[in-house]
Amino acid sequence: MIRISDEVVREVTRVVALETTLIAHGFPPGEGLEIGRASERAVREAGAVPATIGVAKERVVVGLTDDELELFDSSARKVGPRDLAAAAVQGVVGATTVGGTLAVCKAVGIRVMATGGLGGVHRGWPTPPDVSADLQALAQTPALVVSSGVKSLLDVPATSELLETLGVPVLGWRTDELPLFYSAHGGPPVSARVESAEEAADIAAAHWQLGGGGLLLVRPPDESLDDVEPLIERALAAADAESVRGQAVTPFVLAFLHRESGGRTLRANRELVIGNARLAGEVAAAR
Ligand code: PSU
Ligand code: MN
């Protein structure tokens, strides 16, 4: 049921897992594929081995081929931890979220992953009563995830509190604050600050020796966009007005931001995803 590429089998201690939801649903059509490929290159340039994970051909695939990446367009089903088995058995193309990707990492022993933003607690909780399965998967999987914080449309302070409750260390990459995805500043404090990939790898190893699960390594965007929050509020109001719900909210909000910012959020999103892949590669190479 799981297909692992030969390279991932050989190099599993140096592997960085990459998700496919970003490729299929995180960017405008076509761009996600290019960003997925650029992320793989960034991992290699850092001295590690990329394994993009998704469901295809009745298998959970660890290390999709370059051709197979093209299957992950907006028609792919979004696959979280609970959806993996059904997607594989039923033969659908399944784009794995952070949580879905981590569930696979746990099954095959991959210890490092990269993404853009982690899922979490939605604004206005408990209406909607929406908390991403990413959080539980992270708590239960001994892996370090590099992100630029959590998705920008979430309730960031509530998500940060829940990460503490779940015992997930939040390591700030040369920062004391949880990045707000597009913006480097203004987030809640991290649980520890790190200055190097080696230091992050050492803390992760120590955490696992203590029986711990996942860790988040949060990297601020290189260029901080500090005027996006009002746009996010407008995007969420527009989604509400148009009765956009559930899984459709993130793509709607991202498309709104990309349009209304004149493409600035799209460029920032691209840069941070690739930068996170590079840093994850450095951590994997330092293990
Ligand atoms: N961050 C983004 N775009 C995305 C996601 C995160 O900027 O598309 C995806 C990731 O795959 C993440 C998922 O795991 O959204 C979380 O979705 P949900 O809230 O439905 O669990
Ligand atoms: Mn959700």
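Answer yes or no as to whether residue 268 is away from ligand 1 (no atom under 12 Å from the Cβ), under 20 Å from the mean Cα position of the chain (by Cα) and within 30 Å of residue 47 (Cβ to Cβ). Considered against the rule, which asks whether it is away from ligand 1 (no atom under 12 Å from the Cβ), under 20 Å from the mean Cα position of the chain (by Cα) and within 30 Å of residue 47 (Cβ to Cβ), residue 268 comes out as no.
Scanning the range 126-146 for residues being under 12 Å from the mean Cα position of the chain (by Cα) and away from ligand 2 (no atom under 16 Å from the Cβ) gives a total of 3.
Regarding residue 172, is this residue over 14 Å from the mean Cα position of the chain (by Cα), of a type outside the set (Phe, Trp, Tyr) and more than 23 Å from residue 284 (Cβ to Cβ)?
Details: over 14 Å from the mean Cα position of the chain (by Cα): yes; of a type outside the set (Phe, Trp, Tyr): yes; more than 23 Å from residue 284 (Cβ to Cβ): no.
It is false that residue 172 is over 14 Å from the mean Cα position of the chain (by Cα), of a type outside the set (Phe, Trp, Tyr) and more than 23 Å from residue 284 (Cβ to Cβ).
Scanning the range 236-258 for residues that are more than 16 Å from ligand 2 (Cβ to nearest atom), in a helix (DSSP H, G or I) and in contact with a helix residue (DSSP H, G or I) (Cβ under 9 Å, 6 or more places away or on another chain) gives 238, 255, 256, 257, 258. Residue 65 satisfies every condition listed in (1) open to solvent by 60 Å² or more (accessible area, probe 1.4 Å); (2) over 17 Å from residue 8 (Cα atoms); (3) hydroxyl-bearing (Ser, Thr, Tyr) except (2).
Which one of these is within 20 Å of residue 145 (Cβ to Cβ), away from ligand 2 (no atom under 16 Å from the Cβ) and open to solvent by 50 Å² or more (accessible area, probe 1.4 Å): 82, 10, 14, 3?
Details: 82 fails: away from ligand 2 (no atom under 16 Å from the Cβ); 10 fails: within 20 Å of residue 145 (Cβ to Cβ); 3 fails: within 20 Å of residue 145 (Cβ to Cβ).
On inspection, the qualifying residue turns out to be 14.
Look through the range 147-158, keep the residues that are away from ligand 2 (no atom under 14 Å from the Cβ) and not in a loop (DSSP other than H, G, I, E, B), and return whichever of them is farthest from residue 218 (Cα to Cα). Going through the qualifying residues, I end up with 157.
Looking at 88, 46 in this structure, which one is within 19 Å of residue 284 (Cβ to Cβ), more than 16 Å from ligand 2 (Cβ to nearest atom) and either at pLDDT below 95 or open to solvent by less than 30 Å² (accessible area, probe 1.4 Å) (or both)? Among 88, 46, only 46 is within 19 Å of residue 284 (Cβ to Cβ), more than 16 Å from ligand 2 (Cβ to nearest atom) and either at pLDDT below 95 or open to solvent by less than 30 Å² (accessible area, probe 1.4 Å) (or both).
On the given criteria, is residue 43 assigned to a strand (DSSP E or B) and touching a Gly at 6+ places or on another chain (Cβ under 7 Å)? Don't jump to the end; show me each part of the working.
On the way: assigned to a strand (DSSP E or B): no; touching a Gly at 6+ places or on another chain (Cβ under 7 Å): yes.
No; evaluated as a whole, the condition is false for this residue.
The values are calculated or read from the model by the stated rules, or taken from the named source; none is laboratory data. Only a predicted model underlies this, so the values are computations on that prediction, with no experimental measurement involved. When we count neighbours, we look across all protein chains shown, and the Cβ atoms used for this are built from the backbone with ideal geometry, even at glycine. Quick note on the areas: whole protein, heavy atoms, side chains included, nothing else; ligands and nucleic acids left out. Shrake-Rupley method; radii C 1.70, N 1.55, O 1.52, S 1.80 Å.
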